[in-house]
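Heads up: the structure comes next, in structure tokens.
The values are calculated or read from the model by the stated rules, or taken from the named source; none is laboratory data. Quick caveat: nothing in here was measured; it's all calculated off a predicted structure. Cβ: placed from backbone, ideal geometry, glycine included. Neighbour counts: every protein chain shown.
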Amino acid sequence: MTSTYLNCEDLKVANRVGRVFLVRTVLKGDRYGLNDALVHDENSPMIEFYDFTYAGQLDFGRRGQFVSRYYAKTLRNFRGGTLELDGGVPEWILEPEALRPVLDLAHNLSEVTAS
């Protein structure tokens with residue numbers, strides 16, 4: 001089944017240890033970065049990952065703790081296996097089954113931005 005998320009902040013995925021990540025798309029014109037201080041000015045959409053464990057806590061805001069950001073085209077070319085979102089935190093990984101909706105999202109974003 002293909003993901004229907006395009007411009008989203010409501011896709012959440014969980015890894016095998018139960019860590020939940022909020023997945024957010026950043027399209028051209030969207031704000032991102034610390035306190036949303038930057039504006040994405042490229043046509044290439046990005047996908048961000050936030051550790052949702054910390055949503056609303058400790059200055060992390062409603063999305064949780066920022067973990068990583070990838071261009072959608074990078075994830076489209078991902079060839080399987082486990083994705084380490086940050087090598088310094090063992091819990092910040094996504095196994096193939098948790099990554100599937102994110103990869104679907106990356107493919108959907110490529111179709112939208114190509115048209």
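Annotation: of all residues in region 12-36 being touching a residue at least 40 places away in the same chain (Cβ under 8 Å) and over 15 Å from the mean Cα position of the chain (by Cα), the one that is nearest to A106 (Cα to Cα) is R16. The set of residues in region 5-36 being modelled with pLDDT under 95, surrounded by fewer than 11 Cβ atoms within 10 Å (Cβ to Cβ), part of a loop (DSSP other than H, G, I, E, B) and not acidic (D, E) consists of G29 alone. Could you tell me which residue of region 45-64 is farthest from V23 (Cα to Cα), considering only residues that are in a loop (DSSP other than H, G, I, E, B) and among the hydrophobic types (A, V, I, L, M, F, W, C)? Residue satisfying both the conditions and the ranking: L58. Kindly evaluate G64 against the criterion of being among the small types (G, A, S), within 18 Å of K12 (Cβ to Cβ) and touching a Phe, Trp or Tyr at 6+ places or on another chain (Cβ under 8 Å). Against the criterion (among the small types (G, A, S), within 18 Å of K12 (Cβ to Cβ) and touching a Phe, Trp or Tyr at 6+ places or on another chain (Cβ under 8 Å)), G64 qualifies.
Filtering region 77-100 to residues that are in a helix (DSSP H, G or I) and either under 24 Å from D36 (Cβ atoms) or free of Cβ contacts under 8 Å to residues at least 12 places away in the same chain (or both) leaves E97, R100. If I filter region 65-76 for residues that are of a type outside the set (F, W, Y) and in a loop (DSSP other than H, G, I, E, B), do I get at least one hit? No, every residue in region 65-76 fails to be of a type outside the set (F, W, Y) and in a loop (DSSP other than H, G, I, E, B).
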